[in-house]
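Visitor: Sharing a structure below in structure tokens format, with a few things to ask.
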Amino acid sequence: MSELFDALLKAFASLHNLPAEALLQTGEVTLGGTAVSLIYEGDEVSGEILFLGEIGKPLPGEELKMYHALLQGNNLWAGTGGATLGLDHEDTAIACARLPIQGMDAAALTDVITEFATTVDYWRGFLTHAEG
């Protein structure tokens, strides 16, 4: 991690009355039941924050419908708010996004996490209802 990222997480924790040390250790924020992992890639001068959220596994027999919907949602980021959708090595649907840390403050990070968690929640609801 970098001092820049650490300072941002500490400011975020302070803004939301969260334990900063726990956030620094886990890099995970839970918003409305949705866990968002924050990972820093870069150096002390510049870098990006990666946002990761687990959507879940398709219902048995609904895999093709879900994969089709994920691809459509990825098309020009139409259904993702700028994130991308994919599958991890265990065929769990995930959402990912990345933004530059430069210019990011605790309030902006809050907005990004909120929007990202909303996207993950939408796709989780779609996946569990499989009514796409």
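The values are calculated or read from the model by the stated rules, or taken from the named source; none is laboratory data. Since we're looking at a predicted model, the values are computed, not measured. In this analysis, Cβ positions are derived from the backbone assuming ideal geometry, glycine residues included, and neighbour counts consider all displayed protein chains.
Visitor: Which condition does GLY103 not pass, out of (1) closer than 21 Å to PHE5 by Cα; (2) surrounded by 16 or more Cβ atoms within 10 Å (Cβ to Cβ), if it passes all the others?
Guide: So the condition that GLY103 fails would be (2).
Visitor: Just a yes or no: is a residue in region 62-70 of a type in the set (D, E, K, R), outside any loop (DSSP other than H, G, I, E, B), more than 20 Å from ALA117 (Cα to Cα) and touching a residue at least 40 places away in the same chain (Cβ under 8 Å)? Break it down into steps so the answer makes sense when it comes.
Guide: Here is the first cut: in region 62-70, the ones of a type in the set (D, E, K, R) are 62-63, 65.
With outside any loop (DSSP other than H, G, I, E, B) added as a condition, the list becomes 63, 65.
Still in the running and more than 20 Å from ALA117 (Cα to Cα): 63, 65.
Still in the running and touching a residue at least 40 places away in the same chain (Cβ under 8 Å): 65.
Checking region 62-70: at least one residue is of a type in the set (D, E, K, R), outside any loop (DSSP other than H, G, I, E, B), more than 20 Å from ALA117 (Cα to Cα) and touching a residue at least 40 places away in the same chain (Cβ under 8 Å).
Visitor: Can you tell me which residue within region 31-56, out of those that are more than 18 Å from ALA83 (Cα to Cα) and either surrounded by 16 or more Cβ atoms within 10 Å (Cβ to Cβ) or among the polar types (S, T, N, Q) (or both), is farthest from the chain's Cα centre (by Cα)? Can you show your working first?
Guide: Of region 31-56, the ones more than 18 Å from ALA83 (Cα to Cα) are 32-33, 42-46.
Those still in the list that are either surrounded by 16 or more Cβ atoms within 10 Å (Cβ to Cβ) or among the polar types (S, T, N, Q) (or both) too: 42, 46.
Values: GLY42: 18, SER46: 20 Å.
This residue is SER46.
Visitor: Let me ask something else. How many residues, within region 105-132, are at pLDDT 95 or above and assigned to a loop (DSSP other than H, G, I, E, B)?
Guide: 1
Visitor: Looking at (1) touching a residue at least 60 places away in the same chain (Cβ under 8 Å); (2) more than 30 Å from GLU3 (Cα to Cα); (3) under 18 Å from the mean Cα position of the chain (by Cα), find the lone condition where THR119 falls short.
Guide: Only one criterion is unmet by THR119, namely (2).
Visitor: If you don't mind, another one. Among the residues of region 29-47, is any touching a Phe, Trp or Tyr at 6+ places or on another chain (Cβ under 8 Å), over 22 Å from ALA7 (Cα atoms) and touching a residue at least 12 places away in the same chain (Cβ under 8 Å)?
Guide: Checking region 29-47: not a single residue is touching a Phe, Trp or Tyr at 6+ places or on another chain (Cβ under 8 Å), over 22 Å from ALA7 (Cα atoms) and touching a residue at least 12 places away in the same chain (Cβ under 8 Å).
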